[in-house]
Amino acid sequence: MEIVEDLLGWQNRYKGYLKDGGVQQDDIGKDYVFIENKTAPFTPARRALPMLNLALISSAGAYIDGTEPFNLESKGGDVTFREIPIEVEAEDLKYSARGYDPTAVQQDRNAQIPIERLLEYEANSVIGQLNHVWWSFNGFIPDAARVVETLAPKIVERVKRYEVQAALLIPASRLCHQSIALVARALEAENIPTMMIGIDRAILESVKPPRAGLYAGEFGCVAGKPNWKEYQLRVLDEALRLIEPIDQPSIRRLVVNLESEVEKDRGEK
């Protein structure tokens, strides 16, 4: 199955979008042409969650301090990625943020890149293990063809080399939802089950990632509100536990907001 069902048709629409003005700094505007897919590749989970080697893929533009940042000036988007060991501490990360406010992730990495939360799940045998490296790219990539032709295949190659058995993908911005969904489709086409956490239903329904957990979150902290551990754990728990039972491409609504607001009202945050 194709990652984009009519890539040539989309490229023609994208050319029209560029002629009409295109991207203005980090704003794609209301006329941006999102990918439209009718179906999605799908790979059933063949192992239970406590037996999985889980990969984390983020589009928040994180990179290790002292290394090359992502190129925020590229009109079509930077399609490079970084492979980061899980041992790298939060204070050693910088963010090439485009299309979202990095305040939350700078305050608490787990709001976008939930390394500590996933390591807790590993310690408690909720997941088999968190893969020893995670993958980072800047998801503000207006030229989706570059994701399909360059970025996604290279990430898939690396993920397969680590013998990953499932992948959790987390976007940071509105446009990131498209980029992350395309990477998820590429992974599932190579028989790697995925789960994408998302907050923009319209883009999810248009691009069609194989599996998505949807809730009313905020750009820049899609993995949960900063410095609110219980909220972050609830987002992850609901999303991850859907990997195995989902038996066809689906967008499932998470109830994290309702339960977390009840906790907040009770003073349990």
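The values are calculated or read from the model by the stated rules, or taken from the named source; none is laboratory data. Remember, predicted model here, so these are calculated numbers, not experimental data. With ideal geometry, Cβ positions are generated from the backbone for all residues, glycine too; neighbour counts draw on all protein chains shown.
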Subject >> Residue that is nearest to I28 (Cα to Cα) [pool: residues in the stretch 120-141 that are touching a helix residue (DSSP H, G or I) at 6+ places or on another chain (Cβ under 8 Å) and part of a strand (DSSP E or B)] >> reply: W135
Subject >> Hey, R13 in a helix (DSSP H, G or I), among the charged types (D, E, K, R) and over 25 Å from Y95 (Cα atoms) or not >> reply: yes
Subject >> Enumeration of residues in the stretch 72-96 that are under 21 Å from A145 (Cα atoms), in contact (Cβ under 8 Å) with a residue 24 or more places away in the chain and not in a strand (DSSP E or B) >> reply: L72, K75, G76, G77, D78, V79, T80, F81
**OP:** Give me a count of the residues in the stretch 203-235 that are in a helix (DSSP H, G or I) and out of contact with any strand residue (DSSP E or B) (no Cβ under 8 Å at 6 or more places or on another chain).
**Re:** 9
Subject >> All positions within the stretch 120-142 that are over 17 Å from the mean Cα position of the chain (by Cα) and either of a type outside the set (A, V, I, L, M) or within 13 Å of S179 (Cβ to Cβ) (or both) >> reply: E120, Y121, E122, N124, S125, G128, Q129, H132
Original post:
Does R117 meet the test of being in contact (Cβ under 8 Å) with a residue 24 or more places away in the chain and either more than 17 Å from the chain's Cα centre (by Cα) or crowded, with 23+ Cβ neighbours inside 10 Å (or both)?
Top reply: no
Original post:
Residues in the stretch 15-62 that are crowded, with 21+ Cβ neighbours inside 10 Å, under 25 Å from H132 (Cβ atoms) and not hydrophobic (A, V, I, L, M, F, W, C): how many?
Top reply: 3
Original post:
Any chance the stretch 145-160 includes a residue that's buried (at least 18 other Cβ atoms within 10 Å of the Cβ), of a type in the set (S, T, Y) and in a helix (DSSP H, G or I)?
Top reply: no
**OP:** Taking the residues in the stretch 74-97 that are modelled with pLDDT of 95 or more and basic (K, R) as candidates, determine which candidate is farthest from V183 (Cα to Cα).
**Re:** K94
**OP:** Could you check how many residues of the stretch 171-202 are touching a Lys or Arg at 6+ places or on another chain (Cβ under 8 Å) and closer than 23 Å to V33 by Cβ?
**Re:** 6
